[in-house]
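Comments concern the structure below.
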């Protein structure tokens, strides 16, 4: 019951701070950022309120001495695992398949976690360090095996929590919503977090930790799970699928118009002269056949955009990517069904005795997707359904450096605008 109460209060506070427009923004931010630790403190004290709670023997978190393993029966105090004692050659070969599965899981989890933390919703300026991260992951995984602690695996749904906490928001009068204007990119908070974790292994803080009941820890996981799953791709697609059709049409007009205007602004700024220059009439004709509007009509383009915005009712767009609006509904639903089937497969195996094999299901999905999807979805629809997970700045860290000429930049921008125009019927 305590776990359930904590989950209800914690989840409500999170959604109030992030989704509602009540109270000043700074107060909502405080509620969003600090409601979870405050719930842990409050419900730890809640069990001492008396009454019927006095009749319940709450199980507390197990603690130990300073810098000692919690398991004092089967472990020695020096932490080191003597892996050569009592281990046969057969045991080693038996562990190899499971080690391969866990290695594949770590590669997948850490890649996805890194991309989610650096997704396109965050206006990051510093490049990613995927290879350096994997180097550190290999070292920390090896050390954790030698001293017998859980391996440092990435929690995918909770991965962007730290990035979200470093975001700076600004009010957008056009949409009436708070948008992310920048991210405070630093390593200090992560370093302090690690030092505080070491500090929690000292005896005075261990005693404080030992006052927390395990049901409060269960409530904490409820809060983390539900609040983060709400922002996953599957949940977003499910919410979008059941939007009112008329409301969805109004949103589509605003989102597509804004996206087109943004792409044109990028095209102008990238060339420095405000317009895309076409060298001859054949380029203009080619652009027209693709649905583009030539740069010789920059002024009319701006007029068309403003006219479109005037015709559209001023409503606040929902938090959905523009790709959702221009994807054909049939393929949108099929893609969502595939995602739900993948979820069902992963969840089903975790409910059986073969739960340790769930990375195998994940690997099977990764193998089947590039084989099945191109046969089911047209390329232009698949590009919309499975678009880039992060900005070019982040993805560039996974590529070899290549000089791109101004002509190639223009062609890329032209193609994107033409593709968008053709998909929206312009």
What tally of residues in segment 166-179 results from selecting those that are at pLDDT 80 or above and surrounded by 13 or more Cβ atoms within 10 Å (Cβ to Cβ)? 2
Could you tell me whether residue 192 is at pLDDT 85 or above, over 30 Å from residue 61 (Cα atoms) and in a helix (DSSP H, G or I)? no
Residue in segment 95-133 that is surrounded by the fewest Cβ atoms within 10 Å (Cβ to Cβ), counting only those that are in contact with a helix residue (DSSP H, G or I) (Cβ under 7 Å, 6 or more places away or on another chain) and free of Cβ contacts under 8 Å to residues at least 60 places away in the same chain: 133
Could we say that residue 243 is in a loop (DSSP other than H, G, I, E, B), at pLDDT 75 or above and loosely packed, with under 15 Cβ neighbours inside 10 Å here? yes
The listed residue being surrounded by fewer than 12 Cβ atoms within 10 Å (Cβ to Cβ), part of a helix (DSSP H, G or I) and either without any contact (Cβ under 8 Å) to a residue 24 or more places away in the chain or assigned by TED's automatic domain parsing to the domain that holds residue 101 (or both), out of 364, 341, 368: 341
Any residue at all in segment 148-158 that is free of Cβ contacts under 8 Å to residues at least 12 places away in the same chain and touching a helix residue (DSSP H, G or I) at 6+ places or on another chain (Cβ under 8 Å)? yes
Considering segment 45-61 alone, what residues qualify as being at pLDDT below 85 and surrounded by 11 or more Cβ atoms within 10 Å (Cβ to Cβ)? 53, 56
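The values are calculated or read from the model by the stated rules, or taken from the named source; none is laboratory data. Computed from a prediction, not measured in an experiment: that's the story for all the values here. Neighbour counts run over all protein chains shown; Cβ positions are idealised from the backbone, glycine included.
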